[in-house]
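Colleague: One structure is given below, represented as structure tokens, and several questions about it will come after.
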Ligand code: IPE
Ligand code: IPE
Ligand code: MG
């Protein structure tokens, strides 16, 4: 049975769900947040140490300003309301991505990361203004300025994910089979699950089915 340390999720399909059931993409994002809460709880229950959630990509800035504002408002409210509870549950929050948001949100993110930095039950990595290509370029720039030899072991020290094991599982909801610039380096050997359900429809049962399936997969890492 495979040991499961790290699950990464591309939470896709909020907009389509919102349009279908509430005539509003934004209300889909609001509903999607409920799934986030369910999945966090279930991750703790399953004793999985790392959960990485793709919340906003470097390409998502192409969206209408109204939707972007709504998304960041949702995040702000979530953190203000929930950070104490996450902290009590010994959950650590880490942001993957460039923090260049409003001053208020930057401060809130830095505060939340610092407050929870010593927690050890679960680490939630929130990929926010995250793009894998940018992450790799920035890592290369930093490494080329250092005296470190260019090799795999040194390179990973310059990624946002340094100190985090690579994801064992990648889940993408929303019936779309692509990576959308997410963790291109780190997903090299992850088991990938593309789910038909939209993110607001995804639930604990779906999650546990994937976990169960993962545990039985023969992972080769090039070996036989
Ligand atoms: C993913 O859902 C959430 C974010 C990108 C923030 P989408 O908003 O992409 O939903 P669809 O794909 O348009 O349905
Ligand atoms: C990926 O979803 C980004 C997040 C889930 C945050 P998108 O909906 O932005 O991906 P594309 O644009 O359809 O590939
Ligand atoms: Mg989408």
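Coordinate-derived values only; no laboratory data. No experiment lies behind these values; they were computed from the predicted model shown. So basically every Cβ, Gly included, is an ideal-geometry build from the backbone, and we count neighbours across all protein chains shown.
Colleague: In the list 82, 63, which residue meets the criterion of being farther than 28 Å from residue 5 by Cα, over 16 Å from the mean Cα position of the chain (by Cα) and either away from ligand 2 (no atom under 14 Å from the Cβ) or free of Cβ contacts under 8 Å to residues at least 40 places away in the same chain (or both)?
Modeller: On the way: 82 fails: farther than 28 Å from residue 5 by Cα.
None of the others qualify; the one that does is 63.
Colleague: Turning to a different aspect of this structure: When residue 72 is evaluated against the numbered criteria (1) free of Cβ contacts under 8 Å to residues at least 40 places away in the same chain; (2) in a helix (DSSP H, G or I); (3) surrounded by 14 or more Cβ atoms within 10 Å (Cβ to Cβ); (4) away from ligand 2 (no atom under 16 Å from the Cβ), which criterion, by number, is the only one it fails?
Modeller: It fails just one condition, (4).
Colleague: Does residue 20 count as out of contact with any helix residue (DSSP H, G or I) (no Cβ under 6 Å at 6 or more places or on another chain) and farther than 26 Å from residue 122 by Cα? Lay out the reasoning, then the answer.
Modeller: Numbers: out of contact with any helix residue (DSSP H, G or I) (no Cβ under 6 Å at 6 or more places or on another chain): yes; farther than 26 Å from residue 122 by Cα: yes.
Yes, satisfied.
Colleague: Does residue 176 meet the test of being within 16 Å of ligand 3 (Cβ to nearest atom) and either buried (at least 19 other Cβ atoms within 10 Å of the Cβ) or within 18 Å of the chain's Cα centre (by Cα) (or both)? Can you show your working first?
Modeller: Numbers: within 16 Å of ligand 3 (Cβ to nearest atom): yes; either buried (at least 19 other Cβ atoms within 10 Å of the Cβ) or within 18 Å of the chain's Cα centre (by Cα) (or both): yes.
Yes; evaluated as a whole, the condition is true for this residue.
Colleague: Given (1) closer than 17 Å to residue 165 by Cα; (2) assigned to a helix (DSSP H, G or I); (3) under 16 Å from the mean Cα position of the chain (by Cα), where does residue 214 come up short, assuming only one miss?
Modeller: Only one criterion is unmet by residue 214, namely (3).
Matching residues to (1) within 16 Å of ligand 1 (Cβ to nearest atom); (2) touching a helix residue (DSSP H, G or I) at 6+ places or on another chain (Cβ under 7 Å); (3) assigned to a loop (DSSP other than H, G, I, E, B); (4) under 27 Å from residue 34 (Cβ atoms):
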| site | (1), (2), (3), (4) |
| --- | --- |
| 118 | no, no, yes, no |
| 134 | no, no, no, no |
| 155 | no, yes, no, no |
| 163 | no, no, yes, no |
| 167 | no, no, yes, yes |
| 174 | yes, yes, yes, yes |
| 177 | yes, no, yes, yes |
| 181 | yes, yes, yes, yes |
| 193 | no, yes, no, yes |
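Colleague: Look through the stretch 1-37, keep the residues that are within 11 Å of ligand 3 (Cβ to nearest atom) and over 17 Å from the mean Cα position of the chain (by Cα), and return whichever of them is surrounded by the most Cβ atoms within 10 Å (Cβ to Cβ).
Modeller: By that ranking, first place goes to 17.
Colleague: If you don't mind, there's one more thing I want to ask. Just give me the residues in the stretch 1-32 being assigned to a loop (DSSP other than H, G, I, E, B) and more than 7 Å from ligand 1 (Cβ to nearest atom), in sequence order. Steps first, answer last, please.
Modeller: If we filter the stretch 1-32 for residues that are assigned to a loop (DSSP other than H, G, I, E, B), which is where we start, we get 1-5, 11-13, 23-24.
Result: 1, 2, 3, 4, 5, 23, 24.
Colleague: Could you grab me the full set of residues in the stretch 1-51 that are within 16 Å of ligand 2 (Cβ to nearest atom) and on the phi > 0 side of the Ramachandran plot?
Modeller: 13
Colleague: Can you name every residue in the stretch 41-62 that is part of a helix (DSSP H, G or I), out of contact with any strand residue (DSSP E or B) (no Cβ under 7 Å at 6 or more places or on another chain) and away from ligand 1 (no atom under 16 Å from the Cβ)?
Modeller: Of the residues in the stretch 41-62, the ones part of a helix (DSSP H, G or I) are 41-45, 60-62.
So of that shortlist, the ones also out of contact with any strand residue (DSSP E or B) (no Cβ under 7 Å at 6 or more places or on another chain) come out as 41-42, 45, 60-62.
Matches in the stretch 41-62: 41, 42, 45.
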